[in-house]
Amino acid sequence: MSEGGVPVVSEAHNVKTYQVPNKYYEKHPAKPHLTLDEYKAQYRESIENPDKFWGEKARELLHWDIPFQTVRNGSFEHGDVSWFLEGRLNACYNCVDRHAFKHPERPAIIYEADEPSEGRIITYGELLREVCKLAFVLRQMGVRKGDTVAIYMPMIPEALVAFLAIVRIGAVHSVVFAGFSAESLRDRVLDARSKVVITTDEGKRGGKVIGTKRIVDDALKQCPEVKNVLVYRRTGSEVPWTKGRDYWWHEEVNKYPGYCAPTLMDSEDPLFLLYTSGSTGKPKGVVHTTAGYLLGAAMTGKYTFDLHPGDKMGTAGDIGWITGHTYVVYAPLLLGVSTLVFEGTPAYPEFSRYWDIIEKHGITQFYVAPTALRLLKRAGDHHINKQMKTLRVLGSVGEPIAEDVWKWYHQKVGHEECHVVDTYWQTETGSHAIAPMAGVTPTKPGSATLPFFGIEPAILDPVSGDELHGNDVEGVLAIKKPWPSMARTVWGSHQRFMEAYLNDYKGYYFTGDGAGRDHEGYYWIRGRVDDVVNVSGHRLSTAEVEAALIHHEAVAEAAVVGIADELTGQTVNAFVSLKDNFENTSEMRKSLTIQVRKSIGPFAAPKAVYIVNDLPKTRSGKIMRRILRKILSGEEDQLGDTSTLSDPSVVSAIIKTVQET
Ligand code: WT7
């Protein structure tokens, strides 16, 4: 270890350890919440005495209408994890009311529109009024406690108003990323049995218009249970209208007063569901419950990002994914700071957009996925012509950050004055699982460093399931004990929840990631060991893409593999065999790509489609995707044992196709 940002080499991973830069403390409004020794002591307490630790934190960070009596109950074995029992609270009250009463003029939302000149600021006082009005509208539409409401919206303040209004009345939000296709939206609305959908006439992103309302209309053709669509007017274009079903947001909210009381919820009442991909073709509606999730969001906002009053949190992720839920919406609002809602892209109108925003609003914590950083690094350093003096924390999320990108972020964006925090977590963990604490934890580029409070990681031997103790071990990553913000179930199928996370290694939560623990106890995430791929920060399963391809009339069989990509992290690549009477043409390949865009969304489109006569299969008919992955990675000389293939000659034919395409 070393002083003030001067790196020294640590042997095992041969990378340098970075201390918190001295400048970090100089620009700090006060000082970090903890020292490294305090982190270590409190971490130990969180593991050894979780009832005391979490009980105190829950009372400190959340407002309870009725206090809880029991901090913790249940286990991984039984799949009945529950926290803060008998307690009652409301998520919206915790995010809005308590701040609006004390500091109504404080900015809650910094809205940076797609066009740099069109944004605005929404204070906590205004936010409370807008949320209450919308809560009345939803009630009027028949939404009751426990009902799900779908949100299909771009990154505008009203999306946050929608989240908060839904949970204010005890309903459950189900946000569908506005990049998903009509078919994906339909499946999610049906699975969640949402009866109301909230959307906009259109969206704007990177200078382009997105027809959100049209997509909703398409999706709802097959959703007979949806009674109402509430439409926020974003662009003012003409959109198709279904009388009696569709209502304008601005007309409805004007009918109601600016205050309504929040509905008290049990700690374990569902707060939201969010669909995510696993090993199977069908996305799972991951369910988070009220108190535990909120506490995880508030705790990680406070400690990982070192949030303090007056800070301005700038999370570049979309509200359609968990990063947006936890770090655009819940964490900053729970702590009463300002949160950035950025509608656009890092490249519009210029590659300097993020840096312009940080400078313009005085952002203190910036949080983004490495895929965007790779794009910006490639675009050239001349775009970073800002000092960005307010920045203290630079967060990274969603995929491993390569050492060169980490250093670029630290040097060029942070001017070596900021703390880079690489945060490892998942939709299912709700909030950071392994991450440095800003201002506290020495970092190593590429490592998510040390576990967050209450997270007891275990590295398991993937085959035997035995826990590998001590340092310098590699295996799969599991977590040993329940933590407050973990997902509780899969909507409509607790069995799927058990199978996906708790049954593989009995007594552990299984993350699906490979990981190592180095000689100093630092964690290095190696990537998924299942069929999940991550394309530009969007989580997909290869099975999902295969299911989309199989729906194409020409497709006999499909196998999809994820391959490492310098820019997007991973890409989707499809191998397809056609039915008789269909021909291998470039139109056919295009039509297969369109099929995936239509079925899932543009972000899932395969980078390449290879049409082959046959797929590599075992004698029992199992497709050997490992072989396809090797071929695409240019490792066709390392295919391993191919003797189990029913027809080994297909391999050379596929190699030839790949080389020629
Ligand atoms: C998967 C979860 C966490 C919010 C965004 C993604 C990968 C996540 C890191 C990181 C390496 C990471 C894992 C994980 N991942 N953060 N810091 N370093 N890999 O959430 O869509 O649920 O995806 O993202 O593979 O399992 P998600």
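The values are calculated or read from the model by the stated rules, or taken from the named source; none is laboratory data. Note that this is a predicted model, so its numbers are computed, not measured. With ideal geometry, Cβ positions are generated from the backbone for all residues, glycine too; neighbour counts draw on all protein chains shown. Ligands, DNA and RNA are stripped out before the accessible areas are found, and what is left, the full protein with its side chains, is counted by its heavy atoms. Shrake-Rupley method; radii C 1.70, N 1.55, O 1.52, S 1.80 Å.
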Original post:
Name the pairs: first residue in segment 631-647 and modelled with pLDDT of 85 or more, second residue part of a loop (DSSP other than H, G, I, E, B) and exposed (fewer than 12 other Cβ atoms within 10 Å of the Cβ), Cβ to Cβ under 9 Å, at least 6 apart or on different chains?
Top reply: 645/619; 646/619; 646/620; 646/621
Original post:
In this structure, is residue 427 open to solvent by less than 30 Å² (accessible area, probe 1.4 Å), within 12 Å of the ligand (Cβ to nearest atom) and either part of a loop (DSSP other than H, G, I, E, B) or over 30 Å from residue 23 (Cβ atoms) (or both)?
Top reply: yes
Subject >> Condition broken by residue 409, with the remaining ones in (1) in contact with a Leu (Cβ under 6 Å, 6 or more places away or on another chain); (2) open to solvent by less than 10 Å² (accessible area, probe 1.4 Å); (3) away from the ligand (no atom under 16 Å from the Cβ) satisfied >> reply: (3)
**OP:** Would you be able to say whether some residue in segment 591-600 is modelled with pLDDT of 95 or more, within 16 Å of the ligand (Cβ to nearest atom) and surrounded by 19 or more Cβ atoms within 10 Å (Cβ to Cβ)?
**Re:** yes
**OP:** Have a look at 276, 345, 339 and point out the one that is closer than 22 Å to residue 234 by Cα, surrounded by fewer than 22 Cβ atoms within 10 Å (Cβ to Cβ) and not assigned by the TED database to the domain that holds residue 161.
**Re:** 345
**OP:** Check segment 609-616 and report whether any residue there is touching an Asp or Glu at 6+ places or on another chain (Cβ under 7 Å), open to solvent by 30 Å² or more (accessible area, probe 1.4 Å) and in a loop (DSSP other than H, G, I, E, B).
**Re:** yes
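Looking for whichever is surrounded by fewer than 19 Cβ atoms within 10 Å (Cβ to Cβ) and more than 22 Å from residue 156 (Cα to Cα) here; the options are 243, 284. Which one fits?
None of the other options fit; the residue is 243.
Among the listed residues 213, 208, 204, which satisfies the condition of being among the basic types (Lys, Arg) and under 21 Å from residue 594 (Cβ atoms)?
208
Residues are listed down the side, and each one gets a yes or a no for (1) touching a strand residue (DSSP E or B) at 6+ places or on another chain (Cβ under 7 Å); (2) closer than 23 Å to residue 277 by Cβ:
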position	(1), (2)
129	no, no
139	no, no
144	no, no
149	yes, yes
161	no, no
193	yes, yes
207	no, no
218	no, yes
**OP:** Considering only segment 493-564, give the strands (runs of 3 or more DSSP E) lying wholly within it that have at least 3 residues that are open to solvent by less than 10 Å² (accessible area, probe 1.4 Å).
**Re:** 509-517
Subject >> Residue under evaluation residue 587, criteria (1) free of Cβ contacts under 8 Å to residues at least 60 places away in the same chain; (2) in contact with a Lys or Arg (Cβ under 9 Å, 6 or more places away or on another chain), criterion not met >> reply: (2)
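To keep it simple, each residue is scored yes or no on (1) touching a Ser or Thr at 6+ places or on another chain (Cβ under 8 Å); (2) more than 13 Å from the ligand (Cβ to nearest atom).
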| residue | (1), (2) |
| --- | --- |
| 273 | yes, yes |
| 288 | yes, no |
| 297 | yes, no |
| 300 | yes, no |
| 309 | no, yes |
| 313 | yes, yes |
**OP:** Output the number of residues of segment 488-543 satisfying the condition of being in contact with a strand residue (DSSP E or B) (Cβ under 9 Å, 6 or more places away or on another chain), within 13 Å of the ligand (Cβ to nearest atom) and at negative phi.
**Re:** 25
Original post:
Exactly one of (1) outside any loop (DSSP other than H, G, I, E, B); (2) within 15 Å of the ligand (Cβ to nearest atom) is unmet by residue 317. Its number?
Top reply: (1)
**OP:** Give 465, 446, 507 a once-over and let me know the one that is modelled with pLDDT of 95 or more and touching a helix residue (DSSP H, G or I) at 6+ places or on another chain (Cβ under 7 Å).
**Re:** 446
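Quick one: would you say residue 475 is part of a loop (DSSP other than H, G, I, E, B), farther than 19 Å from residue 371 by Cβ, touching a residue at least 12 places away in the same chain (Cβ under 8 Å) and touching a strand residue (DSSP E or B) at 6+ places or on another chain (Cβ under 7 Å)?
no
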